[in-house]
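S.K.: What follows is a single structure, and I will ask about it in a moment.
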């Protein structure tokens, strides 16, 4: 289990990294935390001609407020996000989700830019980027462009980037809400999710003004459930609300089957998590 | 019975090492990276091996072209079955069993491949990277012969044959019988039964298999450093296969990072690396990667058991019958044969219970998968799962409490030695004592009332009990694997005091995590009268003792410990004889302890160093005849061996939303005889239970019908990690066994009891829904399906 031969470059600027990718002529691969890439290399499932290591680039690791948003540098490690007081107070759903991201050793190395780019359908950060409606700042040969999270994830392990493009930072809007919840079920703590849901709710005394929902583990990409969001805004709140919400969520996805869970079981799990999440979001005192 | 010396006056004063919670002396080096594993050996300019493994489940090899690989950078040699045919004799896993076909063991697949992952060619290069590059250049043409994946399919008429010479896919068939089971079953007040299954499992040691062979040009000799727990068996087998005498073939198991049985058989790669070293006259290294380890190391379990138990109206089990299909994979393993795992299921099915009549039939069936082999517990995790499920089913049918039905059926203290219906004899062991101790520690009555409360709230809370017994430390009267010709019944200890007074105790056993360096030193220190820290234990090195096998089958404390005690007795007499000269005292007045010989009741003493000097380095003090070498060797055979037993009690709660099982309480009451080191005993129980939890809830090797392994990585092969393993309480019922030292083997028991206890607890939790548990692991997916089926059924009824 050794990687096939590759060249290695360690640029110190994003411009140089993009140049290296251009020079690689489609055969380049970006190395950030390496927590997914290195196993793929060792299995020879990916065989880049050039590995472009971003770790020597200064200034890509930060968490900072930017107006009504929080900006996070692409090389920021999961552990820094998990422990950030700013994230805890401004992006609490993300803070709650971070402890589900793999294990400590992996969180110490793995980066947000890497996790988003890898686009695992059962990873937390891609789902959160959809949930928050994040915008990814991407640099390529023609300069920087902004990609909305909802356009970024194309398929399982596939993003919309060109081979020469690198995610450099991500902006997460701070949401207004009265209650929120993050629920996840994995075989073991730290495993990829069998099903997961993030919910936030703005409510009046007896109605839901609007709701925001993202799910993962049940499709080839994480999903923002806009149709359910539409159907659930303006509904009145009663004891049956979580169950109705659960039914709507379940009927809006058709989960995949794999070795760990059949589509029926994933759907069942998602339904249970949805009800639980709505219950939490409605009872939260903010 | 305890065959120790009667207590002497100073015994009461002397600090005892046996029984003391001494920290493992191997741990500082292992935990700080100073251990030395096979892969850590640094021979001079070693070459590196990589194996091309079959992508096909069952296919004829019609062409292998290695030319491009041979021309690849850094490549020294590419070996195939054809190119090494003159370099070895196939190793045959012989057995005297009737109805058994011994599949020869070859280093590389010859003619055809029989499972995905079987080694077909080996590249030898100057680095592993270059070797793996060259693997991609080997061209192989296969002609598919039809995969045989499910064992039920393998036994059908017209299924492709894996071994044409066997004439059948049934590689072994046996039947055990006692009494008239048909008429007893007919007479039973209730009969319970079903089809039970435990799926295939990977032993998954932390260190994958790893071999380094060091070639000594001077005398065409090789030293194989192997991550094996049977270095002695490996030495003898390779010696014969390569026609190389033992003094030119040394096999050493250095630090070994776990085995759980997966390193307890001879492997094709072990033979191949020795062949390559002799051909090339070079040292070589190979370490399996995780994928190779999962897909080519011996695997575990994989049995389907149709079983029925009959009870009389009082809940006494009177009949038991079972038909077992063991999915043994493509080959027998050496030396244990493919009978080891499935035959053990029928041997142990009656368990610790007095069941009058029994019929157990087993077939070991060849499929296109890696061979099954020894795995912690061997056969007994399955036999215990089945028997304990049947006990619970019987209890339910008769309205008897599960604890009570076991109490009525266990062999009682006054009934030992007891021969169970399959023929195994249990010696005096605390069967009932373990049951009672477990129930008391678990607070069994309180658990039942917690359960009643939980059920009122609609929660799924269950309690499961499992009692079992196992044979450990077995001697020469019983073969570890049925009909196997090698001697597994004895072990040798060679204890030497050298000219500096240092004590070295060499053994043929081979610790791969059990802490034998500590426990054997404890025994030697006590029995020789030495200080614990002065005893060095050497093990796993074929140069140290003339013959050995290794550590397996829960034998090392009993056989190694017994050998140590005997050798110490002989050496202690020598020490006393010398001391009596030096101290001018009667030998009977001399006591040896703390590294000194002392004249009882005086302050006259000589140290081991002074004694050694007098014997070896001093030509005047002792008469010539008194200068006996301070060394003793003893080969100990416990003849029958001894029983070990335990009762496990688990309480679980099933979450109806997620279908996850949470273990809320876990208690083990076990009888491992005299405890040498309570820390190590507890550690063995904890680790065994953790693996049993894996078998019960998580671990499963999934092969599809084409024989492809779908769970070949640690993302898909799920083992319990720390959060999934609960705190457990371990109670010791310390009844001394009849063997030397009073020890019993105890390294495997945790894995035997846990699957059954957890299965019973889940079944108990789900019983309000009318769900029974007959298959392990009980994954959330399976529980979900059972709950869905139960819902459909109850809807059908209410209609």
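The values are calculated or read from the model by the stated rules, or taken from the named source; none is laboratory data. As the structure is a prediction and not an experimental result, all values here were calculated from the model. Cβ atoms come from the backbone with ideal geometry, glycine included; neighbour counts cover every protein chain shown.
S.K.: State yes or no: is residue B:721 more than 23 Å from residue B:454 (Cα to Cα) and in contact with a strand residue (DSSP E or B) (Cβ under 6 Å, 6 or more places away or on another chain)?
M.R.: Numbers: more than 23 Å from residue B:454 (Cα to Cα): yes; in contact with a strand residue (DSSP E or B) (Cβ under 6 Å, 6 or more places away or on another chain): no.
Answer is no for this residue.
S.K.: Also: Would you mention how many residues in the stretch B:710-752 are within 14 Å of chain A (Cβ to nearest Cβ) and either in contact with a helix residue (DSSP H, G or I) (Cβ under 6 Å, 6 or more places away or on another chain) or in a loop (DSSP other than H, G, I, E, B) (or both)?
M.R.: Summing the residues that are within 14 Å of chain A (Cβ to nearest Cβ) and either in contact with a helix residue (DSSP H, G or I) (Cβ under 6 Å, 6 or more places away or on another chain) or in a loop (DSSP other than H, G, I, E, B) (or both) in the stretch B:710-752 gives 14.
S.K.: Can you tell me which of B:442, B:438, B:469 is under 28 Å from residue B:420 (Cβ atoms), in contact with a helix residue (DSSP H, G or I) (Cβ under 7 Å, 6 or more places away or on another chain) and buried (at least 24 other Cβ atoms within 10 Å of the Cβ)?
M.R.: Among B:442, B:438, B:469, only B:469 is under 28 Å from residue B:420 (Cβ atoms), in contact with a helix residue (DSSP H, G or I) (Cβ under 7 Å, 6 or more places away or on another chain) and buried (at least 24 other Cβ atoms within 10 Å of the Cβ).
S.K.: Could you run through the stretch A:196-242 and say how many residues are within 14 Å of chain B (Cβ to nearest Cβ) and out of contact with any strand residue (DSSP E or B) (no Cβ under 6 Å at 6 or more places or on another chain)?
M.R.: Summing the residues that are within 14 Å of chain B (Cβ to nearest Cβ) and out of contact with any strand residue (DSSP E or B) (no Cβ under 6 Å at 6 or more places or on another chain) in the stretch A:196-242 gives 1.
S.K.: Can you find even one residue in the stretch B:382-397 that is within 23 Å of residue B:651 (Cβ to Cβ), assigned to a strand (DSSP E or B) and in contact with a helix residue (DSSP H, G or I) (Cβ under 6 Å, 6 or more places away or on another chain)?
M.R.: No, the stretch B:382-397 contains no residue that is within 23 Å of residue B:651 (Cβ to Cβ), assigned to a strand (DSSP E or B) and in contact with a helix residue (DSSP H, G or I) (Cβ under 6 Å, 6 or more places away or on another chain).
S.K.: Quick check on this structure: which one of A:243, A:258 is at pLDDT 95 or above and surrounded by fewer than 17 Cβ atoms within 10 Å (Cβ to Cβ)?
M.R.: Checking each option against the conditions leaves just A:243.
S.K.: Ok, one more. I'd like the full set of residues that are within 14 Å of chain A (Cβ to nearest Cβ) and either surrounded by 24 or more Cβ atoms within 10 Å (Cβ to Cβ) or closer than 24 Å to residue B:708 by Cβ (or both), limited to the stretch B:252-299.
M.R.: B:286, B:288, B:289, B:290, B:291, B:292, B:293, B:294, B:295, B:296
S.K.: Starting from residues that are in a loop (DSSP other than H, G, I, E, B) and touching a helix residue (DSSP H, G or I) at 6+ places or on another chain (Cβ under 9 Å), keep the ones in the stretch B:695-709 and report whichever is farthest from the other protein chains (Cβ to nearest Cβ). First the steps, then the outcome.
M.R.: First pass over the stretch B:695-709, keeping only residues in a loop (DSSP other than H, G, I, E, B): B:699-702, B:704-708.
Applying the additional criterion that residues be touching a helix residue (DSSP H, G or I) at 6+ places or on another chain (Cβ under 9 Å) yields B:699, B:701, B:705.
Details: B:699: 11, B:701: 11, B:705: 15 Å.
Restricting to residues being in a loop (DSSP other than H, G, I, E, B) and touching a helix residue (DSSP H, G or I) at 6+ places or on another chain (Cβ under 9 Å), the top hit is B:705.
Residue-by-condition table, conditions (1) under 18 Å from residue B:695 (Cβ atoms); (2) in contact with a helix residue (DSSP H, G or I) (Cβ under 7 Å, 6 or more places away or on another chain):
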| residue | (1), (2) |
| --- | --- |
| B:287 | no, yes |
| B:291 | no, no |
| B:294 | yes, no |
| B:310 | no, yes |
| B:313 | no, no |
| B:322 | no, yes |
| B:327 | yes, yes |
| B:343 | no, no |
| B:351 | yes, yes |
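S.K.: Here's another thing I want to ask about it. Output the residues belonging to the stretch B:637-664 that are touching a residue at least 40 places away in the same chain (Cβ under 8 Å), touching a helix residue (DSSP H, G or I) at 6+ places or on another chain (Cβ under 8 Å) and within 30 Å of residue A:274 (Cα to Cα).
M.R.: Those that are touching a residue at least 40 places away in the same chain (Cβ under 8 Å), touching a helix residue (DSSP H, G or I) at 6+ places or on another chain (Cβ under 8 Å) and within 30 Å of residue A:274 (Cα to Cα): B:651, B:652, B:653, B:654, B:656, B:658, B:659, B:660, B:661, B:663.
S.K.: From B:445, B:407, B:419, which residue is free of Cβ contacts under 8 Å to residues at least 40 places away in the same chain and touching a strand residue (DSSP E or B) at 6+ places or on another chain (Cβ under 7 Å)?
M.R.: B:419
S.K.: Being in a helix (DSSP H, G or I) and touching a strand residue (DSSP E or B) at 6+ places or on another chain (Cβ under 7 Å) is the filter; apply it to the stretch A:1-31 and report the residue that is farthest from the other protein chains (Cβ to nearest Cβ).
M.R.: Selected residue: A:14.
S.K.: Here are B:527, B:453: which of them is buried (at least 24 other Cβ atoms within 10 Å of the Cβ) and more than 26 Å from residue B:333 (Cα to Cα)?
M.R.: Checking each option against the conditions leaves just B:527.
S.K.: Here's a follow-up. For residue A:51, are the conditions met, namely being in a loop (DSSP other than H, G, I, E, B), more than 14 Å from chain B (Cβ to nearest Cβ) and either in contact with a strand residue (DSSP E or B) (Cβ under 9 Å, 6 or more places away or on another chain) or more than 30 Å from residue B:134 (Cβ to Cβ) (or both)? Step through it out loud before you land on a result.
M.R.: Values: in a loop (DSSP other than H, G, I, E, B): no; more than 14 Å from chain B (Cβ to nearest Cβ): yes; either in contact with a strand residue (DSSP E or B) (Cβ under 9 Å, 6 or more places away or on another chain) or more than 30 Å from residue B:134 (Cβ to Cβ) (or both): yes.
No; evaluated as a whole, the condition is false for this residue.
Each row is one residue, and each column tells you yes or no for (1) buried (at least 23 other Cβ atoms within 10 Å of the Cβ); (2) outside any loop (DSSP other than H, G, I, E, B); (3) in contact with a helix residue (DSSP H, G or I) (Cβ under 7 Å, 6 or more places away or on another chain).
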site: B:121; (1), (2), (3): yes, yes, no
site: B:162; (1), (2), (3): yes, no, no
site: B:171; (1), (2), (3): yes, yes, no
site: B:177; (1), (2), (3): no, yes, no
site: B:183; (1), (2), (3): no, yes, no
site: B:198; (1), (2), (3): yes, yes, yes
site: B:205; (1), (2), (3): no, no, no
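S.K.: Applying the selection to the stretch A:263-286, what residues are under 21 Å from residue A:155 (Cβ atoms) and surrounded by fewer than 16 Cβ atoms within 10 Å (Cβ to Cβ)?
M.R.: Our first condition is that a residue be under 21 Å from residue A:155 (Cβ atoms); within the stretch A:263-286, this holds for A:263, A:266-267, A:270.
A:263, the sole residue that qualifies.
S.K.: Mind checking which residues of the stretch B:125-156 are farther than 22 Å from residue B:113 by Cβ and in a strand (DSSP E or B)?
M.R.: Within the stretch B:125-156, just B:125 meets the criteria.
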